[in-house]
1. Taking strands (runs of 3 or more DSSP E) that do not extend beyond region 36-143, which have at least 2 residues that are out of contact with any helix residue (DSSP H, G or I) (no Cβ under 6 Å at 6 or more places or on another chain) and in contact (Cβ under 8 Å) with a residue 60 or more places away in the chain?
2. Determine which single condition E81 fails, assuming it passes every other condition in (1) among the charged types (D, E, K, R); (2) farther than 22 Å from A21 by Cβ; (3) at pLDDT 95 or above.
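The values are calculated or read from the model by the stated rules, or taken from the named source; none is laboratory data. Predicted model only: the values in this text are computed from it and were never measured. So basically every Cβ, Gly included, is an ideal-geometry build from the backbone, and we count neighbours across all protein chains shown.
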Amino acid sequence: MSSNQMTAERVPAIKLAISTAADAKYVDGRRSFFKYRDLGVTDATGGRMRAQVTSADSGGLTEPTGWHYHTCEMQLVYMLEGWVELEFEDGRLMKFEAGDSVMIPGGAIHQETRTSEKLRLLEVSLPAEMGTVPCDPPGGAAN
C-alpha cells in the first residue's frame, strides 16, 4: 500500500477551503443587525465545522439577546475588532476585546448583553449546524 493510500484511509475527506476578501460570501445569521461572512469551511468539512466572520459597521447590539444555549459541541469566538459583552450562567459578566477569545461548550447557558458599534469576530462551531434555544435565566440572573 502506498503512503498516499494509507494517509487517505486515516484522514477523513476534507477539502481545501479558500475565501478571499474579493470573493466574500455573506449568509443569513442569527441576528439581523450583523453581517455573516461564510469562510467555506462548512462545505469543505461536510458540515463537521463552521467558520465565519461576524461584523457590524454601526449599531451593534443595544439590548441583551436573552438567555439561550446552543445545540452544538462547542462555539469558539475570537475577537478581531471592537468588543462584545457576554453573561454566563455562573454569574460572570465578561467583556471580550480584540485579541480575546472564548470557547463556549454546547448547552452552556449565556447571553450577549452589549457590543461596540463596530466589531468583527471570528466564530467557529462544531458541528457546522448550531441551533439556538431560548431558555429561562439561570438562578440569580438579573434578566
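1. Details: elements: 50-56, 68-71, 74-81, 83-88, 93-97, 101-105, 110-115, 119-126, 131-134.
Correct list: 50-56, 68-71, 119-126, 131-134.
2. Failed condition: (2).
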